[in-house]
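Trainee: Following this message is one structure expressed as structure tokens.
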Amino acid sequence: MSIHRVFRARRGLKATRRDRGSAAIETAVAVPAFMLFVGLIIAGGRLAAAHQAVQSAATEAARTASIARTAAVASPQAATAASRSLAEQNVQCVRSTVSVDVSQFSVPVGQPARTSATVTCAVDLSTLLPFLTGSRDVAATMTSPIDTYRQRT
């Protein structure tokens, strides 16, 4: 065996000894960062699902308000419909508000009119991921036409 081969073999052995433990260190750094990244993706998905649920609740509230006979009945029925919709979709809000615009109920019969509902839900971030704190407001506004030829008061 030539001296060069022996020297190369020893140098390769020393390099291997110097690299021992580096894979464990890389893993110890990379795995928590990867897990945080995956957790944030999950939280973003759950927040998007909450936003979709709030949009659905706003649609239900606007539709319920538009089929009510009077403006006085429309607002409470819309709020109940929105709350029921959020509950059916398992969205837990820290606080929620439903605002219904019933101003066009005074438009004369035969003229087009519409009503809108805005649903706001403060989503608790700790329900998305345990290490997140606080809440984030998710809001949606939807509009629904009032029957043009129905009597309004």
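Trainee: Taking θ as phi - 60°, what are the ³J(HN,Hα) couplings along the stretch 103-113 by the Karplus curve (6.51, -1.76, 1.60), each to the nearest whole Hz, with x for Gly and Pro?
Mentor: Once rounded to whole Hz, the list reads 5, 7, 5, 8, 5, x, 4, x, 9, x, 8.
Trainee: Distance in nm between label sites at S106 and M35, each 7 Å beyond Cα in the beta-carbon direction?
Mentor: 6.1
Trainee: Something else: Using amide H atoms built 1.01 Å from N in the peptide plane, name the residues 5+ places from T115, or on other chains, whose amide H lies under 5 Å from its own.
Mentor: Placed amide hydrogens put S144, I146 under 5 Å from T115.
Trainee: Which whole-number percent is the relative contact order of the stretch 20-146 (Cα, under 8 Å, 6+ apart)?
Mentor: On the way: 209 pairs, mean separation 34.2, N = 127.
27 percent.
Trainee: By average Cβ neighbour count within 10 Å, what is the ranking of 90-103, 40-53 from highest down?
Mentor: Values: 90-103: 17.1, 40-53: 14.7.
Averaged packing, sorted descending, gives the order 90-103, 40-53.
Only the coordinates and a few stated rules stand behind these numbers; no lab work does. This structure is a prediction, so every number in the text was calculated from the model and none was measured. As a convention, Cβ positions derive from the backbone with ideal geometry for all residues, glycine included, and neighbour counts pool all protein chains shown.
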